[in-house]
Amino acid sequence: MSKAFFGLPEEVIFCKRCVISNQRPSSTVEFKHKADEKKATIGFGEDGICDACKFQEIKESQIDWNSRDEALRELAAKHKRKDGGYDVIVPGSGGKDSVFTSHILKYKYGMNPLTVTWAPHKYTEIGWKNFENWIHVGGHDNILFTPNGILHRYLTQQAFLNLLHPFQPFIVGQRIIGPAMAAKFGVKLVMYGENQAEYGNNPDDNYIPTMDRKFFSVRDPEEMILGGKSIGEILGEKRFKLDDFAPYIPPSADFLVSKGVEVHYLGYYLRWDPQECYYYAVENAGFQANSERTEGTYSKYSSIDDRIDMFHYYTTLIKFGIGRATYDAAQEIRNGKITREEGVSLVKRYDQEFPMKYFKEFLEYIDITEQQFTETIDRFRSPNLWDKVGNEWRLKHTVWQQPSDTEWS
Amino acid sequence: MVMSRVRLIARLDIKGPNLIKGIHLEGLRVIGDPREFARLYYKQGIDEIVYMDVVASLYGRNSLHDIVRNTARDVFVPLTVGGGVRSVNDVRELLRSGADKVAINTAAIKNPELIREIAHVFGSQCLVLSIEAKRQGKGSWEAYADNGREKTGLDVIDWVRRGVTLGAGEIMITSVDQEGTCKGFDTELVRAVSDAASIPVIASGGMGKTEHLVDVIAHGHADAVSVASILHYKRTSVPEIRSAAIAAGIEMRNAP
Amino acid sequence: MSVEVVIIDYGIGNLFSVRRAFEHCGATVVVTSDLEKILAAQRLVLPGVGAFADGMRGLKERGLDKAIRSYADSGRPLMGICLGMQMLSSVSEEFGEHQGLRIIPGRVTSISGIDHQGKPYKVPHVGWADMQSKTYETAWKGTILDGLHPGDAVYLTHSFEVKPDNPPHLLAYCDYGGKEITAAISKENIYGVQFHPEKSGPVGLKIINNFINIRL
C-alpha cells in the first residue's frame, strides 16, 4: 500500500549530477487534471542520473546545431510573407526567455513576430518594466490579453483548494493563447522558447519540433476540468456562464490543422541556455534582473514577473518536496554555471523559504484566510515526503543530507 | 579634496577555480583562469588587483588561498582579497597567503566591531571596507550584503562614516544598479561616499569606456577606479585605458 | 652561487610577498627570527606594516633590536621596508612617543592631511607616486636606486613618514598634496624605503635586484 500521494514514487532519490529529485512532475494535460490522478514524474536511469541531465549530454555532443540552425532558417523562409503580415506568434510575458525568442527571430532570422501575452495574475514592478522594455526597447508589436479577473481569480482559488496548484488556470490560458492568436491572425507558426522536455518531460518530445496536439483536443467544453472541477459543475453554481470560459477553451486540433498552425520550440533549433537568454535580453532589450533575490531561491533573473508566481513554486515544494531553488540550481548545474556542490548549498539555504513578501496579496487575490491556506497545504503533504516533528513539518529527504556522490567532471 | 594619483584596479570575481562575471551581480558566466588574467593585467601595468570570492558567504568560508598564493608568486602589485572574510584569523590566513589587503562586507555589517579588531591587529592600511549600494530614491542608497543578494536596511552614507570611525583604510563602493552594465558608474553615489569619507575611495561597477572613468574621478571624486567587464571580455586593455585617461587630463601613474 | 638574503620574522608583516619578490630576483631567502642567523647574514631585510609601537615591541620581545643595531654597525647591507624603514629612525609620534632603533637619526611624523593651500587631502596616502631627487645623478648611483630615474613610480600606503635629521640621508622623496614626503632614506649601506618594492612592479623588482647585488 503506497504511502505516497498522487502515485509519486515511494522512494525519494536525487539525481547524482543535478539536484532534482525523482518526485519532479512532468507537464500535465492541464484541463484534464483531477485531484486524484497519478502524476507522471521525471525519469531516472539505473545510474541515478535524471533524464534532463542525460538530455544535456545529448545537447552538448550529439546534436548537430548547425543543421538545426539551417532548419530554422528554412522554417523562417517557409513562413516569410510578402505582404508585411506577421509570420510568427511568440507567446510570452516579457521575461528573459520570450524576449530572447522574439528578438532573435526578428533581428537575426528576419521574421516578423507578433508577441502575445496571457497576462500574469499580477505584474510585479520589475516584470512590468521588463514587459514595456520588451516592446519599446526590444522593438516588438504585442497583444496583451487579460482574462476576466472575476473568473480567473475564482479558478485560481479553486485550483489552489482542490489541487494545490494555483497556477493551473494560468497555464491553461498561456498554452492556448499562442495557437489561438495564430489562427485568428492567419499566422501559421507559433514559436515558444524552451521545451519542457529538457527539464524532464518525455525525452522523445525533444526530437519533435512541434507540440503534442493532445493539449488541443476537447470535445465537450463542459467536461473540461479547471481548478479540479468540471466546467459543467462550475456552471451549476450559477455564478458563471459558458461564455465566460471562452479564453480557457482551446481551439480544437482539427481547427488548428485546417488553419495550418504549427507549434514549435526555439529550444529545438538553438541550444538553449537560460542564463545566456538573460544576457541577450539585457544587452538587446533593456531587460533587468530584479534588484532583490526571489524568495525561495537565489536567482534574480528567472520568472520575476508575477506576484502569484511564488505560490506556484511554494506549492510545488509542498507536493513534491522540491522548491524553486532546486529548479534553478538543477538547470544551472546542467548548463555548467554552478557545480553540484554549490547547487546543494543553495538548495539547502533557500529552497524552503516561505514567500512572505506577497503572501497577504495572494490570500486576498484568491479570497481565503490564512487558516484555510495552512489547512489546504497540509492536506497535500505526501507522507513519503513529510514528517511532522513537534509543530514543524520537515522534509524526510533532502538533497543536502545525501551521502556525497561523485562529481561530474 | 586634493586629487592625488588615481589608481587603476582590475577586479576579478572568482568562484571556485574560475574567473566569473555577471550583470547586476547576477547570471554569473565563467570566463577563465583568474591567475592568467591577473598575470596579463600585471604585465600590462595594472596598479592593483582585487580578487572577490563570490560564493564565500554561501559556503561560509573564503577559499581563495591557493589562487592568492599562486598569483602572489609573480604578480608584484598590491593584491586585495575579499569574500567571506569573517574574523581576524581569516585575515591572517589571507595575508599569509600573499594578500596585501583584505576586503570585508557582510561580516562587518553583522559585526561592525570586526573592523576595529582587524585594524588594531593588522593596521588600517590592510583593510578595505567593501560596500554594495542599491539606489533607493534621490540621493539615498541601501547597503546590500552577500554579494548583492540580501537587503540590510543600512543607509550607505551612514555606514561609510561609521566604517571610517572604526578604522577602515579604504572604501570600495560598488553600485549594484550599474554593475556589469558597462553604462557608467553611479557618480552621485561615489561623490556622496567620497565627501563623507576622509579615506581613499575606490569606485566599482559600471565602467564601459574612458569617459566613465573621467567622470567618476572628476565629478565623483574617486581616488581609484575598479574595472572588470571591459577588461575580462577584452573590449579594451589596461594600456588603452591608462593612456586615454592621461590624455583626458587624469593624474595617473605613467605606463611602467 | 646566489646571494642569501635574511628577512626578519618578528610576527608582523607581509612576509610571503617580500620573500617571493626576493626569490624572483634570484636570491636565496631565509625568513627567521633566529638571532645568530640574523647576525651572520650577508643581506638583511626588515619588513613591516602597521603601528610603530607594535613593531618595536615585536623586535624587543625577541631581542632583535640589539641584533639589528649590531648588524647595522657591521656595514653590511640592510633594508627596512615601510614600517621597517620607520623603525630605523630615532623616534615616532604614532600613538604617543616611541623609541626606534636609532640607526638613521630622524623622526616619524604623521602626514598632515592638509595641503600647502590649506585644503584637506586623504590619509592614508595610498597609491603610486613618482620618486624624486634633486641630485639623483650622483645621489642614486651605486645605491638601491641605481639605474632608476625621477618619475619612476613606486607603491606606498602609509599615514606616517620619516623626516631624517640629516638632509644627506634623504635619498628620494615624492609629492603628495603639494608637499614632499620621504620615499627613501639611506646611510652608507643602510636603506629605508617607505614604499613596498615587492609591490611596485618592475621598478620595485629592480630596486630589490640592486639591493641583492649591491657593492660593498
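The values are calculated or read from the model by the stated rules, or taken from the named source; none is laboratory data. Here the structure is a predicted model, which is why all the values come from computation and not from measurement. Positions of Cβ are backbone-derived with ideal geometry, glycine not excepted, and every protein chain shown enters the neighbour counts.
Assorted remarks:
- One residue stands out among those in the stretch B:6-42 that are within 14 Å of chain C (Cβ to nearest Cβ), buried (at least 22 other Cβ atoms within 10 Å of the Cβ) and not aromatic (F, W, Y): the one that is nearest to B:V216 (Cα to Cα), which is B:V6.
- Test for C:F211: is it touching a His at 6+ places or on another chain (Cβ under 9 Å) and not in a strand (DSSP E or B): no
- The stretch B:206-256: number of residues that are in contact (Cβ under 8 Å) with a residue 40 or more places away in the chain, outside any loop (DSSP other than H, G, I, E, B) and either farther than 27 Å from B:I31 by Cα or within 13 Å of chain C (Cβ to nearest Cβ) (or both): 6
- A:Y265, sole failed condition from (1) within 15 Å of the chain's Cα centre (by Cα); (2) more than 21 Å from A:Q168 (Cβ to Cβ); (3) facing chain B (nearest Cβ under 10 Å): (3)
- Subset of the stretch A:376-403 (residues that are of a type outside the set (S, T, N, Q), surrounded by 15 or more Cβ atoms within 10 Å (Cβ to Cβ) and assigned to a loop (DSSP other than H, G, I, E, B)): A:F380, A:R381, A:L385, A:H397
- Residue count for the stretch A:58-86, restricted to those that are more than 16 Å from A:Y268 (Cα to Cα) and surrounded by 20 or more Cβ atoms within 10 Å (Cβ to Cβ): 1.
- Filter result for B:T174 (hydroxyl-bearing (S, T, Y) and more than 15 Å from the chain's Cα centre (by Cα)): no
- The residues on offer are C:G147, C:G96, and the sole one that is more than 14 Å from every other protein chain (Cβ to nearest Cβ), touching a residue at least 40 places away in the same chain (Cβ under 8 Å), farther than 28 Å from C:S17 by Cβ and in a loop (DSSP other than H, G, I, E, B) is C:G96.
- Taking the stretch A:235-312 as the region of interest, the helices (runs of 4 or more DSSP H) fully inside it that hold 2 or more residues being touching a Phe, Trp or Tyr at 6+ places or on another chain (Cβ under 8 Å) and at pLDDT below 90 are A:253-259.
- Residue list for the stretch B:24-47, restricted to those being touching a strand residue (DSSP E or B) at 6+ places or on another chain (Cβ under 6 Å) and of a type in the set (K, R): B:R29
- Positions within the stretch A:328-375 being polar (S, T, N, Q) and either farther than 17 Å from B:R149 by Cα or part of a helix (DSSP H, G or I) (or both), in sequence order: A:Q331, A:N335, A:T339, A:S345, A:T369, A:Q371, A:Q372, A:T374
- Of the helices (runs of 4 or more DSSP H) lying entirely inside the stretch C:1-93, the ones with 1 or more residues being of a type in the set (K, R) are found at C:15-24, C:35-39, C:52-61, C:64-73.
- Failed item in (1) within 17 Å of the chain's Cα centre (by Cα); (2) surrounded by 15 or more Cβ atoms within 10 Å (Cβ to Cβ); (3) of a type outside the set (S, T, Y), with C:R69 passing the rest: (2)
- Restricting attention to the stretch A:321-342, the residues that are within 10 Å of another protein chain (Cβ to nearest Cβ), among the charged types (D, E, K, R) and surrounded by fewer than 24 Cβ atoms within 10 Å (Cβ to Cβ) add up to 3.
- Just one residue in the set C:A172, C:A129, C:A183 is part of a strand (DSSP E or B), at pLDDT 95 or above, of a type outside the set (K, R) and touching a Cys at 6+ places or on another chain (Cβ under 7 Å); that residue is C:A183.
- Inclusion of C:S74 among residues that are more than 12 Å from every other protein chain (Cβ to nearest Cβ) and either in contact with a His (Cβ under 8 Å, 6 or more places away or on another chain) or within 29 Å of B:T71 (Cβ to Cβ) (or both) is not warranted.
- Odd one out for C:S90, checked against (1) in contact (Cβ under 8 Å) with a residue 40 or more places away in the chain; (2) crowded, with 20+ Cβ neighbours inside 10 Å: (2)
- Close contacts from the stretch A:223-236, counting a first residue that is within 19 Å of A:R175 (Cα to Cα) and a second that is of a type in the set (V, I, T), with Cβ to Cβ under 7 Å and a gap of 6+ residues or different chains, come to A:M224/A:V218; A:M224/A:I231; A:M224/A:I249; A:L226/A:V172.
- The stretch C:171-192, residues that are within 14 Å of chain B (Cβ to nearest Cβ) and within 13 Å of the chain's Cα centre (by Cα): C:A183
- Qualifying residue in the stretch C:105-118 (condition: within 11 Å of another protein chain (Cβ to nearest Cβ) and either crowded, with 17+ Cβ neighbours inside 10 Å or small (G, A, S) (or both)): yes
- B:V54 closer than 20 Å to B:S237 by Cα, among the aliphatic types (A, V, I, L, M) and under 18 Å from the mean Cα position of the chain (by Cα): no
- From the options A:D69, A:D83, residue that is of a type in the set (D, E) and over 14 Å from A:V187 (Cα atoms): A:D69
Yes/no per residue for (1) more than 12 Å from chain C (Cβ to nearest Cβ); (2) of a type outside the set (S, T, N, Q); (3) more than 16 Å from B:A145 (Cα to Cα):
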position	(1), (2), (3)
B:W159	yes, yes, no
B:G163	yes, yes, no
B:A168	no, yes, yes
B:I171	no, yes, no
B:V176	yes, yes, no
B:T187	yes, no, yes
B:S198	no, no, yes
B:I202	no, yes, yes
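- Residue in the stretch A:10-23 that is modelled with pLDDT under 85, at negative phi and assigned to a loop (DSSP other than H, G, I, E, B) present: no
- Summed over the stretch C:153-185, residues that are surrounded by fewer than 21 Cβ atoms within 10 Å (Cβ to Cβ) and of a type in the set (G, A, S) total 2.
- Condition check for A:K39: modelled with pLDDT under 90 and assigned to a helix (DSSP H, G or I): no
- Those residues of the stretch C:125-144 which are within 14 Å of chain B (Cβ to nearest Cβ) and buried (at least 20 other Cβ atoms within 10 Å of the Cβ), in sequence order: C:H125, C:V126, C:G127, C:W128, C:A129, C:M131
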